[in-house]
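Q: Following this message is one structure expressed as structure tokens.
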Amino acid sequence: MFYWFLKFVAVGPIVKLVLRPTAEGTGHVPVKGAAIIASNHLSASDWVFMPLSLRRRVTFLAKAEYFTGHGVKGAAQRAFFAGSGQVAIDRTNASAAEDAIRTGMRILNEGKLLGIYPEGTRSPDGRLFRGKTGVARMTLETGAPVVPVAMVYRPRRVPLPGRAGRVLGSVFARVTVRFGEPLDFSRYAGLSGDRFVERSITDEIMYEIMELSGQEYVDLYGAKVKKSMDTTGASAADAVGRLQPRPHQATDRLPDSLAG
């Protein structure tokens, strides 16, 4: 109930009035039954804008820290994230990835929409980074189609005079949510656990997201780039330059439907 209150009363109307996000291709999302909504991840606001574009509820996997706070603030945070469609996952133990996948499969087996970010973290510099294969495992195990989604943010000038207009013009963005056609991987039925197949599926999903978003693709995990940035103090561009294989070791590639 709280989810629908936030969506249609407390948050949704304000977001739509002030930021006026637009959505394209919402008809590609199944009106019933399970589906994986796989999106790029550019902002902490992604999980607000994308669900507002759909009539159905979208459930996300969220880090457990959002649900473990203490005091009034902790209680309010738990209520908000639980009520807004988040499901807690523990990312601190060795089996965290497996637990997250199993939680996602449970949600899909209940016939729900599961929202995930295959990159596993927000982009460090606005580019699209390598996807993790958990999304492939979930579609293979459940048979749920994957709907690729692109969050697109563009600067928007606010028609106000003077300094206020300049400040707001740098804060607000024009947000577009683009849904692509569902991807069916039934041709790989029974091949869950095959690393080559799971990488191929993941790369196909990332290729479709790249086509929808227009982002430049980087064949590195975003989390690895962020770790390098934190360790060395380097910019994202410098970290990527250090981590990418030299030309004589491997050639740069874009993800495609057959890539390993």
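The values are calculated or read from the model by the stated rules, or taken from the named source; none is laboratory data. The structure presented is a predicted model; accordingly, all values stated were derived computationally and were not measured. Cβ sites come from the backbone with ideal geometry, for glycine too, and all protein chains shown count toward neighbours.
Q: Kindly provide the set of residues from segment 96-132 that are among the aliphatic types (A, V, I, L, M) and crowded, with 18+ Cβ neighbours inside 10 Å, ordered by number. Explain how you work it out, then say what you get.
A: Of all residues in segment 96-132, those among the aliphatic types (A, V, I, L, M) come to 96-97, 100-101, 105, 107-108, 113-114, 116, 128.
Listed by number, the residues that qualify are 100, 101, 105, 107, 108, 113, 114, 116, 128.
Q: Limited to segment 138-157, what total is found for residues that are buried (at least 16 other Cβ atoms within 10 Å of the Cβ) and part of a strand (DSSP E or B)?
A: The number of residues fulfilling the criteria is 8.
Q: Take the residues in segment 199-234 that are of a type in the set (S, T, N, Q) and free of Cβ contacts under 8 Å to residues at least 60 places away in the same chain; name whichever of them is surrounded by the fewest Cβ atoms within 10 Å (Cβ to Cβ).
A: If we take residues in segment 199-234 being of a type in the set (S, T, N, Q) and free of Cβ contacts under 8 Å to residues at least 60 places away in the same chain, then 231 is surrounded by the fewest Cβ atoms within 10 Å (Cβ to Cβ).
Q: Failed condition for residue 106, given (1) part of a loop (DSSP other than H, G, I, E, B); (2) at pLDDT 90 or above, with all others met?
A: So the condition that residue 106 fails would be (1).
Q: One residue is enough: does segment 66-85 have a residue meeting the conditions at pLDDT 70 or above, surrounded by 14 or more Cβ atoms within 10 Å (Cβ to Cβ) and hydrophobic (A, V, I, L, M, F, W, C)?
A: No: segment 66-85 contains no residue that is at pLDDT 70 or above, surrounded by 14 or more Cβ atoms within 10 Å (Cβ to Cβ) and hydrophobic (A, V, I, L, M, F, W, C).
Q: Given the conditions (1) outside any loop (DSSP other than H, G, I, E, B); (2) at pLDDT below 65; (3) loosely packed, with under 13 Cβ neighbours inside 10 Å, and given that residue 17 satisfies all but one, which numbered condition is not satisfied?
A: (2)
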